[in-house]
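Beneath this line is the structure, given in structure tokens, with notes to follow.
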4 protein chains.
Amino acid sequence: MISFDHKVKVYYRDIDQMGIVYHSRYLEYFEESRTELLKSIGISVTKIEKAGIMLPVISSHCEYFKGACFEQELKVTSAISILPKAKLDIDYSIFCAKSSILYVKGYTTHAFVNKYNKPVRVPKMIIDLLDKEGLM
Amino acid sequence: MISFDHKVKVYYRDIDQMGIVYHSRYLEYFEESRTELLKSIGISVTKIEKAGIMLPVISSHCEYFKGACFEQELKVTSAISILPKAKLDIDYSIFCAKSSILYVKGYTTHAFVNKYNKPVRVPKMIIDLLDKEGLM
Amino acid sequence: MISFDHKVKVYYRDIDQMGIVYHSRYLEYFEESRTELLKSIGISVTKIEKAGIMLPVISSHCEYFKGACFEQELKVTSAISILPKAKLDIDYSIFCAKSSILYVKGYTTHAFVNKYNKPVRVPKMIIDLLDKEGLM
Amino acid sequence: MISFDHKVKVYYRDIDQMGIVYHSRYLEYFEESRTELLKSIGISVTKIEKAGIMLPVISSHCEYFKGACFEQELKVTSAISILPKAKLDIDYSIFCAKSSILYVKGYTTHAFVNKYNKPVRVPKMIIDLLDKEGLM
């Protein structure tokens, strides 16, 4: 399993009138963490896109246990457990950075498509980098 | 089953550099449709909140089949099928308004909590209104 | 002067913990209204972009007089007063749809650029359509 | 003058179909930087709000010189130059973190209001902290 811990801080723009992070914002925190996870093993989303491959989200799931508050610091852990065949699965857990209490968990699934939105094979470069990290 | 069709239009702010709606935005379209569904049967989220009850999202799920584009018109159908015991389940389907092709489907689950974030019974007024619509 | 009235409704995603619309969201309401204003006189932003011309915002200004609330309906009036030479100026006023009280006013200025982000002349088609509406 | 440099990184959620940050997002970057500026001199927005004082934005202005891209790192400098009488003025400049090229500049003005949205005096604690930093 490859995993990465990414810190985010909650700002006013994220908070709704219940005084907690609006639920869809956690998907944005997932994206931040995923981008940094891939970068940490040498995969730049910018470079993949320049090579004509995109990774659209094809499913997302979130369980919200506790609502994070303004100025709270969160740890967003993302993890890849399986070498992708056609699709890439990424799991996320969001914790209060201070108390380590779990606030949110979820996953996203990504396809690999070309510029014409046609599914393509997982690029060999990505497989090689994930393989090097011990994924099977 | 109670259902409601809500129209949304995609604007520039919703579109990412793949030229399609950024995935978390569909959860916002779900929210619009859900608010209008509840309003259509006499349930105002504003009034519920003024009575001290909130309906935070406790889980969300989305399947993305096709990406909507700038200036596209979408129909966001939301539906309640079961009289809530402790939690309220709402299902969504998003279609191209013109072609009726399915773009996204998903669901959200909501708790009923008081100001101190403690779970409370589903307010009788809500049960009555849903019951009147034939839900069981 | 060309002007257009566009209705928007405030949803939960727009509201911050002061219980009012988060200030940057009004710029998104401006964008909705601007898109519809242009469309009303035959200018489709999608078509302009397909022709290789983009209209990035180069300045924006907002005065916030009153904060709009959840489920409130707003009227977003946008207006063009001067035939653009190199830049397009658009003015906005946001009113409570019910009371007509002014909540926000502001403006945006737009450049005309090509795919390489180089300034270009205002497309003749746009000048002609604005001219037809009586702008000078 | 009191100033603070805050780093932000651009993610996919921020980027529009021109491949640059959607213009209203810079106001969110301003907010991040402002929150950290105030925190750096001992002013917690959370604590001010708990004391019943809010600082709504009453005007905002932005000049956009260059569009930031996905995965770009930005430095958002915020500065307070004048001891607030009734209103707090904050200036911002956003630079490419690498090249120090200026991308965006702007300002926000904030009122001080109580829970009933009535203007109040600038809290003495804030005046004292700004005064200690040498503001006049």
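Observations on the model:
- Along the stretch C:121-126 the Karplus relation, 6.51 cos²θ - 1.76 cosθ + 1.60 evaluated at θ = phi - 60°, assigns HN-Hα couplings of 4, 5, x, 3, 4, 5 Hz to successive residues, with x for each Gly and Pro.
- Calculated FRET value between residue D:136 and residue A:98, using beta carbons and R₀ = 41 Å, to 0.05: 0.65
- Environment charge of residue C:74, counting only residues whose C-beta is closer than 9 Å and scoring Lys/Arg +1, Asp/Glu -1: +2
- For B:46-54, mean number of other protein chain Cβ atoms within 10 Å: 2
- Counting, for every residue in A:69-78, the Cβ atoms of other protein chains within 10 Å of its Cβ and taking the mean gives 2.
- Rounded to the nearest 20 debye, dipole of the stretch A:1-46 from Cβ charges on Lys, Arg, Asp, Glu: 80
- On Cα atoms only, tilt of C:25-40 relative to the major axis of chain C in degrees: 50
- Centre separation in Å (Cα based) which lies between the stretch C:30-73 and the stretch B:1-21: 16
- Proximity of backbone amide H atoms, modeled 1.01 Å from N, is registered between residue A:68 and A:21 at under 5 Å, excluding neighbours fewer than 5 places apart on the same chain.
- Considering only B:39, B:98, B:87, the mean-square fluctuation computed in a Gaussian network model of chain B, springs between alpha carbons under 10 angstrom, is largest for B:98.
- Chain A: relative contact order as a whole-number percent, Cα under 8 Å and 6+ apart: 30
- Each other residue within a Cβ distance under 14 Å of residue A:99 adds +1 if Lys or Arg and -1 if Asp or Glu, for a net charge of +2.
- Tensor-based shape of the protein assembly as shown (alpha-carbon gyration tensor, a/c under 1.5 rounded, otherwise prolate or oblate): rounded
- Across the stretch A:17-84, the relative contact order, built from alpha-carbon pairs under 8 Å that are at least six residues apart, equals 55 percent.
- Using the Karplus relation 6.51 cos²θ - 1.76 cosθ + 1.60 with θ = phi - 60°, the per-residue 3J(HN,Hα) values for the stretch B:58-72 come to 10, 8, 9, 9, 9, 10, 9, 8, 8, x, 6, 10, 3, 6, 7 Hz, with x marking Gly and Pro.
- Charges were assigned to the Cβ only: +1 to each Lys and Arg, -1 to each Asp and Glu. The resulting dipole of the stretch C:2-132 about its Cα centre is roughly 480 debye.
- Cα centre as origin, Lys/Arg/Asp/Glu Cβ charges: the protein assembly as shown dipole, Debye: 0
- Residue mean of other protein chain beta carbons inside 10 Å, B:33-39: 2
- Relative protection proxy for A:109-115, D:113-119, from highest mean packing down: A:109-115, D:113-119 (other beta-carbon atoms within 10 angstrom).
- Residue among A:3, A:26, A:101 farthest towards the positive dipole end of chain A, charges placed on Cβ: A:3
- Summing charges over all other residues whose Cβ lies under 10 Å from the Cβ of residue A:44, with Lys and Arg as +1 and Asp and Glu as -1, gives +1.
- The stretch A:2-56 shape via C-alpha gyration tensor axes, a/c threshold 1.5: prolate
- The phi-based Karplus calculation (6.51 cos²θ - 1.76 cosθ + 1.60; θ = phi - 60°) puts the 3J(HN,Hα) values of the stretch C:107-116 at 8, 10, 10, 10, 8, 10, 10, 8, 4, 9 Hz, whole numbers, x for Gly and Pro.
- Charge dipole (chain D, unit charges on Cβ, about Cα centre) - positive-most of D:48, D:130, D:92: D:48
- Cross-link check: pairs B:7/B:47; B:39/D:115; C:85/C:132 evaluated at a Cα-Cα cut-off of 19 Å; pairs beyond the cut-off: B:7/B:47; B:39/D:115.
- Estimated purely from DSSP H runs of n ≥ 4, each contributing -39500 (n - 2.57), the mean residue ellipticity at 222 nm for the protein assembly as shown is -7000 deg cm²/dmol once divided by its residues.
Here, each number is a calculation from the coordinates, and none is a lab measurement. Given the structure is predicted, the values throughout are model-derived calculations rather than measurements. For neighbour counting, all protein chains shown are included, and Cβ atoms are generated from backbone atoms with ideal geometry for every residue, glycine included.
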